[in-house]
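Written out below as structure tokens is the structure these notes cover.
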Amino acid sequence: MKNFNLTIFKILALYIITSGIFLSIFFSIFYQKEANYIRLSQLTSMYAHYNYILQNILEAKYNNTPLNDENLKSISKELNTNFALIANQNIIFSNLSFDSLTILKQLRKNNYFYTYNDKIFIDFFRAKDIDIDQDDARKSRHYFKFLKHQKIYIIIESDDLKSYQFQTKPSEYNNLNTMDFKNEIWKLKLQIIFYAIIGIILLTIIAYSLIRLVFKNIQDQFNALNDFIKDTTHEINTPLSVILASIKKFDDTNLTQANIKKLNHIKLASKNINHIYQNLIALNFYIQENNTKEKINLKELIEQRLEYFEALFSQKNLSIKTEFTKQYIYVNKDEMQILFDNLLNNAIKYSFNNKNIYITLKENFLSIEDEGQGMNEQILKQIFTRYKRFNSDQGGFGIGLNLVKQIADKNHFKIKVLSEENKGSKFIISW
């Protein structure tokens, strides 16, 4: 069940990541488009303010009533826009955030479109990067002639909306009401973040529902298989116990050599079945539980298990070379037996006939080495994967080494595997 849920999580994560990438691209394009529109609206508004200031200057000239500071301050307040009026290097009026002549100097260097310290400054008459509507330009031509002849600069200041390069072409600008364009950009960002979060949440819910729906049948089959294994394991217990007890008590004193050989085959087969049974029990019951731990004599346990496997050694004529020191370990005895049995059974299974198996038990160290088929690098990376079998000729369910790994992880043992093809393998357990 844990692996099944992990698979669902991986698929869901992949779906969310790919969807997130596409959403990011979409919202990025949408943001650029909307930000360009806001910037265009800002420049249009600024251009309208520019013309309004110019019209007031011309009207004052024609009426022979020059504008004073109070008049210009009133215009600035009405438009809610800072500006500077400079004629022949003389500052007529300025409420810019920075020194007007310094700003003018920078404008000349930057085609009269200059950004500084979160502010933008524009002289629309001289700006090269701002396309003015041609019809509107024709209407304003006599205004601009006046500016050029008098060497007058009207510099408009506004908030810099950051990181946009525009060739703008304003349209209608009759409405002189000033918008807070910087605030509009923040609103746009917050809207996009909000919609992105909602989109990801909805995609996650939909994806999870679809994945659960698609995998429901697989999950049902998976649960049914687990239940079948548990029920089968339970049912096998009684007849297998009867077989093992009967073999142990069987009187073979009057048997012929042929019948003794057949009885040995029965013993081997029953022990193999018992080994598989113990693994299935461990897989479904033992490992998942917090079993009671106790201090055990590991040397004594290993010697008992070697006696149990004696018939399997004889079948392949294997010699067991041991090097033991007395070792006590605090662990669940059944789990430690399962770990050792699987490592030893693995060594027997893959050993060549008439070879040796080396078992070493020293302080905080157990190793089992065989002279057999060995494994390549690719197989070594997957040996602890459940149900993974690398040699179909040897039988089994592919759960033995997976159980070894689970027991080792549960008890914080370290596992090291050394192997070379056609020379053998060595499993080292340390704690």
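The values are calculated or read from the model by the stated rules, or taken from the named source; none is laboratory data. If you're wondering where the values come from, they're calculated on a predicted model, not measured in any experiment. Every residue, glycine as well, gets a Cβ built from its backbone with ideal geometry; the counts of neighbours run over all protein chains shown. Keep in mind that these areas ignore ligands, DNA and RNA; they rest on the heavy atoms of the full protein, side chains included. Shrake-Rupley method; radii C 1.70, N 1.55, O 1.52, S 1.80 Å.
Quick notes on this one:
- What the phi angles of region 317-331 give under the Karplus curve with 6.51, -1.76 and 1.60, with θ = phi - 60°, is a coupling list of 6, 9, 9, 9, 9, 10, 9, 10, 10, 5, 9, 10, 9, 8, 7 Hz, glycine and proline written as x.
- Label-point gap, in nm, between Gln304 and Asn353 - each point 7 angstrom along Cα→Cβ: 3.4 nm
- Separation in nanometres of the label points that stand 7 Å from Cα toward Cβ, at Lys410 and Thr18: 3.8 nm
- In the assembled protein chains, Glu78 presents an accessible area of approximately 110 Å² (probe radius 1.4 Å).
- Surface exposure of region 17-67, expressed per residue as accessible area with a 1.4 Å probe, stands at 54 Å².
- Inter-label distance for Ala87 and Phe27, nm, one decimal - labels placed 7 Å from Cα along Cα-to-Cβ: 5.3 nm
- 29 Å Cα-Cα threshold exceeded, pairs from Lys261/Lys405; Lys293/Lys381; Lys293/Lys326; Lys326/Lys381: Lys261/Lys405; Lys293/Lys381; Lys326/Lys381
- Couplings for region 273-280, taken from phi via the Karplus curve 6.51 cos²θ - 1.76 cosθ + 1.60 with θ = phi - 60°, read 4, 5, 5, 4, 4, 4, 5, 5 Hz in order; Gly and Pro are left as x.
- Extension gain for the segment Asn422 to Ser241, taken as residue separation times 0.36 nm less the Cα-Cα distance, is 61.4 nm to one decimal.
- Exposure of Phe352 as accessible area (Å², to 10), given a probe of 1.4 Å and all protein chains: 80 Å²
- Within a straight-line Cα-Cα reach of under 26 Å, Lys151 can be paired with the following lysines, leaving aside sequence neighbours fewer than 8 residues apart in one chain: Lys61, Lys73, Lys77, Lys105, Lys109, Lys119, Lys128, Lys139, Lys169.
- Amide H contacts of Asp160 (H built 1.01 Å from N, in plane; Pro and chain starts excluded): Lys119, Ile120 sit under 5 Å, all sequence-distant by 5 or more or on other chains.
- Cβ-defined net charge surrounding Asn264, 14 Å radius [Lys, Arg +1; Asp, Glu -1]: +4
- Percent accessible area from carbon and sulfur atoms, region 299-343, protein chains only, probe 1.4 Å: 38 percent
- Across region 207-223, rounded Karplus estimates of 3J(HN,Hα) from the backbone phi angles (6.51 cos²θ - 1.76 cosθ + 1.60, θ = phi - 60°) give 4, 4, 5, 5, 5, 4, 5, 5, 8, 4, 5, 5, 5, 4, 5, 4, 5 Hz, Gly and Pro being marked x.
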